[in-house]
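The values are calculated or read from the model by the stated rules, or taken from the named source; none is laboratory data. Treat the numbers as computed from the prediction; the structure is a model and nothing was measured. Every residue, glycine among them, receives a Cβ derived from its backbone with ideal geometry; neighbour counts consider all protein chains shown. Accessible surface is based on the protein model in full, side chains and every heavy atom, while ligands, DNA and RNA are left aside. Shrake-Rupley method; radii C 1.70, N 1.55, O 1.52, S 1.80 Å.
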Amino acid sequence: PDEVIAGLESTNIGIEEEQYQKELSETTEGTMAFVKEKTTEEDLGTMVKFAEGVAESLPNPGLKVGTEVPDFTLSDAFGNDVTLKEELKNGPVVLVFYRGAWCPFCNVHLNTFKNMSSMLAEKYGASVIAVTPQKPDISKDQLKKTELGFKVLSDLDDSVMKSYNLYFECTPELLEVYKKLGMDLEAINGEGRTVGLPVPATFIISKSGVVRAMQAETDYMKRMGPDEVIAGLESTNIGIEEEQYQKELSETTEGTMAFVKEKTTEEDLGTMVKFAEGVAESLPNPGLKVGTEVPDFTLSDAFGNDVTLKEELKNGPVVLVFYRGAWCPFCNVHLNTFKNISSMLAEKYGASVIAVTPQKPDISKDQLKKTELGFKVLSDLDDSVMKSYNLYFECTPELLEVYKKLGMDLEAINGEGRTVGLPVPATFIISKSGVVRAMQAETDYMKRMGPDEVIAGLELCL
């Protein structure tokens with residue numbers, strides 16, 4: 001049923017995308033014909049020259065993905081103040097900047113959001129907010145005619161357009177051409193005010209106020225369509241996971257450092273630091289380089305089933321995670337993140353998560369029962385896989401004694417009568433063809449590949 005619903009939802013979005021592209025094409029054709037009819041060659045030259053100037057002055061309009069957005073308060077068409085920060089408390093925001101009700105391309109774009117705003121609210125908890133430089137009474141008339149169903153705000157001092165790096169001023173020559181087309185922008189935006197417009201733009205903003213996707217082009221006929229809006233909102237879910245992961249990592253670092261200081265001596269801490277420096281020196285470039293074909297392997301999972309990497313790759317990309325053991329708090333935070341996103345990775349990328357650890361299978365079995373990770377955990381009992389992936393190092397007797405003070409008997413955890421070796425924690429994004437597309441491996445065990453990087457790596461597998 002879930003897959004059926006997901007499929008039907010995608011067809012609805014597909015229909016919206018097709019309808020949007022159709023309306024956009026028809027509007028382009030109609031507008032170009034109208035402009036040619038009402039203007040001279042000189043007028044057309046004025047418009048082209050102005051457009052080239054805007055493109056030159058704003059080569060990269062808008063805010064980059066990952067930027068924290070500027071907050072603002074603007075009045076809507078009915079005189080109510082709307083603050084972005086307050087709106088974001090309810091969920092992600094799709095923030096649309098448009099030129100005005102006079103622009104046929106803006107109207108096509110806004111109509112698309114009218115058609116899909118209910119679905120965006122239901123599925124993503126997202127709201128649509130539009131910002132325009134036109135006067136509120138113009139927006140009020142527009143809303144009455146179109147019944148858009150979302151908030152339209154007036155940026156009467158141009159401050160928000162400027163803070164989002166979208167603002168440009170119209171020349172007197174351009175304004176005269178627009179008047180020939182029946183568009184008096186001075187009257188529409190407000191007498192006695194420099195006529196400025198925004199580069200049309202759409203920002204997908206996460207609940208935490210970060211740009212997760214955006215589109216802004218000085219060619220006003222180009223806009224973010226329904227497909228891109230949905231993809232952007234999907235990424236806000238990952239953004240939430242990334243923020244949660246970073247928060248948990250920070251809390252774990254603070255708690256672990258306090259625990260270690262409480263349980264160990266200065267000499268013990270010195271032993272740990274010296275050992276870490278030795279590992280960093282012996283493995284200056286741990287892991288496999290991007291572009292490398294990965295070594296195949298077969299290992300047993302926590303329940304005694306053999307798992308072969310080559311066979312797993314037949315089903316799709318693999319996110320291969322090496323971790324130290326259930327005793328490591330940083331590993332647990334990292335694995336919990338994959339637990340949260342593994343279903344999405346499977347649905348969107350056909351990817352599976354596989355974890356490899358040197359600990360005994362029965363320890364992994366207990367870990368899986370407690371955490372319900374939901375993906376395969378394999379035991380590398382002869383250290384061969386860690387070695388083939390250039391991650392392996394051996395623990396010294398002195399380090400093992402310090403770990404015992406911390407309640408971690410690694411000899412018992414990994415298996416008696418065996419040299420205690422560990423992997424540099426690492427994550428490999430492996431394409432279906434068995435090639436490393438992205439990776440992260442650092443001897444500083446507190447550093448791991450977060451959700452954002454995992455998604456970026458899987459995008460390279462498409």
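Structural remarks
- Helices (runs of 4 or more DSSP H) contained in region 329-436 and holding at least 2 residues open to solvent by 40 Å² or more (accessible area, probe 1.4 Å): 329-349, 361-371, 384-388, 397-405
- Against the conditions (1) charged (D, E, K, R); (2) part of a helix (DSSP H, G or I); (3) in contact (Cβ under 8 Å) with a residue 12 or more places away in the chain, E186 satisfies every one except (3).
- Residue check, V152 out of contact with any Gly (no Cβ under 9 Å at 6 or more places or on another chain), at pLDDT 95 or above and closer than 21 Å to K222 by Cβ: no
- Hey, M214 outside any loop (DSSP other than H, G, I, E, B), open to solvent by 30 Å² or more (accessible area, probe 1.4 Å), closer than 21 Å to V108 by Cβ and aliphatic (A, V, I, L, M) or not: yes
- Scanning region 116-136 for residues that are farther than 17 Å from A231 by Cα, touching a residue at least 60 places away in the same chain (Cβ under 8 Å) and open to solvent by 30 Å² or more (accessible area, probe 1.4 Å) gives a single hit, P136.
- Residue selected from region 169-198 under the condition among the aliphatic types (A, V, I, L, M) and touching a Phe, Trp or Tyr at 6+ places or on another chain (Cβ under 7 Å), by the criterion surrounded by the most Cβ atoms within 10 Å (Cβ to Cβ): L197
- Failed criterion for D452 (all others in (1) modelled with pLDDT under 95; (2) surrounded by 18 or more Cβ atoms within 10 Å (Cβ to Cβ); (3) more than 23 Å from T253 (Cβ to Cβ) hold): (3)
- Among residues of region 32-60, those that are free of Cβ contacts under 8 Å to residues at least 24 places away in the same chain, farther than 19 Å from G196 by Cα and open to solvent by 80 Å² or more (accessible area, probe 1.4 Å), counted: 4
- Check on K289, more than 23 Å from P329 (Cβ to Cβ), in a helix (DSSP H, G or I) and open to solvent by 30 Å² or more (accessible area, probe 1.4 Å): no
- Pairing residues of region 364-393 that are modelled with pLDDT of 95 or more with residues that are aromatic (F, W, Y) and buried (at least 20 other Cβ atoms within 10 Å of the Cβ), at Cβ distances under 8 Å and at least 6 apart in sequence or on separate chains, gives L373/F338; F375/F338; D383/Y392; M386/F322; M386/Y392; Y389/F322; Y389/F428; L391/F322.
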